[in-house]
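The structure under discussion appears below in the form of structure tokens.
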Amino acid sequence: MAGRTRRRIAYRKRRQNRFSMILVTLVVAMVTLVVFVKGIELRQKIDVKVQEGMALDAQIEKEQNRTLEIEELGKEVQTKGYIEDIAREKLGLVYEGEILFKSK
């Protein structure tokens, strides 16, 4: 009888070991699946952030070009020729002794 009892106990332990191994395998598979899915989501977020960064870089370059244009215009506005042109066109001013002809 002692032999049968030992066999039954051993059989139960084998069944418990199989169940434990199946359970551990399922847990590992689920963790692997979750990590894989989260990895894909993170990759998509990274791609979106890279595109946003590229768009911001383009915007920065555009604004730098605009800044240069404004600086050049500021220098041009300070020249005597520009001031004279504006005075003639917008204000209708002329030099002393200069004759202004108007066409009909």
How large is the dipole of the stretch 1-94 about the Cα centre if only Lys and Arg carry +1 and Asp and Glu carry -1, each at its Cβ, rounded to the nearest 20 debye? 2980
Could you tell me which of 103, 54, 91 has its Cα farthest along the dipole of the chain towards the positive end, charges placed at Cβ (Lys, Arg +1; Asp, Glu -1), taken about the Cα centre? 54
Just want the answer: with Cβ charges of +1 for Lys and Arg and -1 for Asp and Glu, which residue in 22, 39, 73 is farthest toward the dipole's positive end in the chain? 22
Mark the label point 7 Å from the Cα of residue 95 along Cα→Cβ and return the residues of the stretch 39-83 whose backbone N is within less than 19 Å of it. 79-83
Count the lysine pairs in the chain that are 8 or more places apart or on different chains: how many have C-alpha atoms under 24 angstrom apart? 7
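Computing the accessible area with a 1.4 Å probe over protein heavy atoms, can you report the carbon and sulfur percentage for the chain? Walk me through the numbers before you get to the answer.
Working: 6470 of 10610 Å².
That fraction is 61 percent.
What does the accessible area per residue of the chain come to in Å², with a 1.4 Å probe and no ligands, DNA or RNA counted?
Details: 10610 Å² over 104 residues.
Accessible surface, normalised per residue, equals 102 Å².
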Working out 0.36 nm times the residue gap between residue 102 and residue 26, then minus their Cα-Cα distance, what length gain in nm do you get to one decimal? 17.8 nm
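The values are calculated or read from the model by the stated rules, or taken from the named source; none is laboratory data. Predicted model only: the values in this text are computed from it and were never measured. FYI the Cβ positions are ideal-geometry reconstructions off the backbone, even for glycines, and counts take in every protein chain you see. In case anyone asks, the SASA skips ligands and DNA or RNA and just uses the protein heavy atoms, side chains included. Shrake-Rupley method; radii C 1.70, N 1.55, O 1.52, S 1.80 Å.
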